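Notes to accompany the following structure.
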């Protein structure tokens, strides 16, 4: 009985403690709040924390310079676990708070899209650094994207492969999720148009570990180039298994592979892989250099492209707020649409021709176990 | 006044319903209302799983499959066939029930862990089908722009209307399950759970009852899926992974099973805990896991487990109600 009472009271105290801790942000007098919805736990926790670090960096910088029109910015972070139903609830929470003027996030397309109708109804800007689903920005008027979509990156890669590398017989291996399907579709479409022959299109389910069937099929087809919209875990597994099977194709892949993990897990097998990226830490452009320097000074590590995209999302948003002020949510949208000449860490961004930006990608490759700028 | 008192004594459920119906009058923040809507969806799901795990004692660990079937069926019926939502809801229930039958018929010969594995496998296979059948489910891209529910031409839009709709659905689920569990069907299920051999010996057609329970359970889950699809308006396979099934199991473990109160309490608790601890950011799942572990250590049967609570939904009988518990002797008194 005593045990039961102790436990019950502990539970009650815990719950009350949680409830009284209240909204995560401290009330700031006359401040403006920006919401960040990102997966801080779960499968994508690493990327969500990249978001949080970069956005905090931007906010601190703006506040140090006196805020926006004299008002301090404040960040409200919410963990979505990459789960669609959580991101819907977060959207409701943000929309219900009259101080929150705009939202950054989420990481994955499915969480971002599930929450979109809530933001649209509240006329609140939803700017996602990474959501890549083609139809997301068509769901409403308040959705803004920072990353180059596969509708852009796919054809870009196809021109690189067919026009610049002169490869005529191409095979693809892609991850079967919303992103991979799009990546493959747009690449194949453009490559065919440019006159290349697509020898095979092989999909694999996320989490698959054994790729021998796909590899032996491709080995038999002898393609000039293999295009692989994948993530580092799958990619390195495929390349290691291909090496064991003595299959060494020329590989072109996607910005998704840009991570130290690809080098660590791939070793010799991934040598020569070419990818385009949104952001490269030794990119000579000044905006990228500034970001790399600031991020390193604050967190002591090189940023990755997810951090760079989140940095740009926050940068765009604050630039828009500076232009139109902070008195209405709907105005933020006009602010973003009206921005011209914004130089981000991931290249110049403008929403003049729609809410999906056309980006300049940086070509890089793996050489001697390092990511380096691509040279033909 | 006396009337109120006797209602209090005999049918506290009516007061609880009234309280829930009045909630929107006092809650201005739509976020809280939205949390309640999700609790409603999960209450239906947990209740439907409870029908199998709690009443019949068949452990199903792939229940999210039927939830998914309901959601996709409803979305496809309203978008492709232009059916009104009410029919799509019924259709979602029927289709999920149909799949339940297809799974139940061949697998109920298996007992214990084997049948559990079949449900797990079904959930995984269904996820892969949703993920890969581009032409029908649009694969990982999901189905977008699912129309809001419209009831006889009246389209629901506001969060308030969604709240009352899910409240109605939860009440319908509770009332119908209560009736079912109080008649021969429910008694037979309980008999099967307590001792399948004895039940069969006394003339209970166990396979038939188990099949029926499975079909019913699947169709309740399908109805919850239909509501989810039209409420969030975007569905993708991500929302119906094996994880979702485990959350449902955790709800039953937390709230207790074998009665109608436990699953609802479990659903409410496991939706509320992550929301309440949101300010802890990345540490909130520690608390979530911690509470579950503590719960299992001190009250293994769940908060409201191990008893059958009478909801007193049907009568206004002032005489004391006898509650039979496991192991009671059913002898006439005095």
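The values are calculated or read from the model by the stated rules, or taken from the named source; none is laboratory data. Note that the structure is a prediction, hence the values are computed from the model and not measured. With ideal geometry, Cβ positions are generated from the backbone for all residues, glycine too; neighbour counts draw on all protein chains shown.
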Worksheet item: From the list B:64, B:28, B:68, which residue is surrounded by 24 or more Cβ atoms within 10 Å (Cβ to Cβ), within 14 Å of another protein chain (Cβ to nearest Cβ) and more than 12 Å from residue B:248 (Cβ to Cβ)?
Response: B:68
Worksheet item: If you take the residues of the range B:145-172 that are over 21 Å from residue B:27 (Cα atoms) and out of contact with any helix residue (DSSP H, G or I) (no Cβ under 7 Å at 6 or more places or on another chain), which of them is nearest to the other protein chains (Cβ to nearest Cβ)?
Response: B:145
Discussion item. Need the failing condition index for residue A:98 against (1) part of a helix (DSSP H, G or I); (2) more than 8 Å from chain B (Cβ to nearest Cβ); (3) free of Cβ contacts under 8 Å to residues at least 60 places away in the same chain, just the number.
Written reply: (1)
Response to the item:
Residues in the range B:286-303 that are within 15 Å of residue B:256 (Cβ to Cβ), more than 9 Å from chain A (Cβ to nearest Cβ) and in contact (Cβ under 8 Å) with a residue 12 or more places away in the chain total 5
Worksheet item: Could you count how many residues in the range A:317-341 are modelled with pLDDT of 90 or more and closer than 21 Å to residue A:284 by Cα?
Response: 0
Fill in: the range B:111-164, subset part of a strand (DSSP E or B) and in contact (Cβ under 8 Å) with a residue 12 or more places away in the chain, residue surrounded by the fewest Cβ atoms within 10 Å (Cβ to Cβ)
B:151
Item to complete: Kindly indicate whether any position in the range A:56-74 is within 11 Å of chain B (Cβ to nearest Cβ) and either at pLDDT 90 or above or at positive phi (or both).
Response: no
Worksheet item: Here are some residues: B:74, B:6. Which one is surrounded by fewer than 15 Cβ atoms within 10 Å (Cβ to Cβ), more than 14 Å from chain A (Cβ to nearest Cβ) and either at pLDDT below 90 or part of a helix (DSSP H, G or I) (or both)?
Response: B:6
Worksheet, complete the sentence: Across (1) surrounded by 24 or more Cβ atoms within 10 Å (Cβ to Cβ); (2) assigned to a helix (DSSP H, G or I); (3) modelled with pLDDT of 90 or more, residue A:103 clears everything bar (2)
Fill in: Index of the failed condition, residue B:208 passing every other in (1) more than 19 Å from residue B:97 (Cβ to Cβ); (2) in a helix (DSSP H, G or I); (3) without any contact (Cβ under 8 Å) to a residue 24 or more places away in the chain
(1)
Fill in: Listing of strands (runs of 3 or more DSSP E) fully contained in the range A:140-246 that carry 3 or more residues being away from every other protein chain (no Cβ under 14 Å)
A:169-175, A:197-204, A:225-228
Worksheet item: Is one or more of the residues making up the range A:106-125 under 27 Å from residue A:180 (Cα atoms) and assigned to a strand (DSSP E or B)?
Response: yes
Worksheet item: Tally time: how many residues in the range B:248-285 are over 24 Å from residue B:120 (Cα atoms), in a helix (DSSP H, G or I) and more than 9 Å from every other protein chain (Cβ to nearest Cβ)?
Response: 4
Worksheet item: Applying the selection to the range A:77-90, what residues are assigned to a helix (DSSP H, G or I) and more than 9 Å from chain B (Cβ to nearest Cβ)?
Response: A:87
Fill in: Single unsatisfied condition, residue B:238 versus (1) closer than 30 Å to residue B:151 by Cα; (2) within 13 Å of chain A (Cβ to nearest Cβ); (3) crowded, with 24+ Cβ neighbours inside 10 Å
(3)
Discussion item. As an exercise: evaluate residue A:133 against (1) crowded, with 24+ Cβ neighbours inside 10 Å; (2) out of contact with any strand residue (DSSP E or B) (no Cβ under 9 Å at 6 or more places or on another chain); (3) away from chain B (no Cβ under 13 Å) and give the number of the one condition it does not meet.
Written reply: (3)
Worksheet item: Any idea which of B:40, B:54 is assigned to a helix (DSSP H, G or I), within 14 Å of chain A (Cβ to nearest Cβ) and either surrounded by 24 or more Cβ atoms within 10 Å (Cβ to Cβ) or modelled with pLDDT under 90 (or both)?
Response: B:40
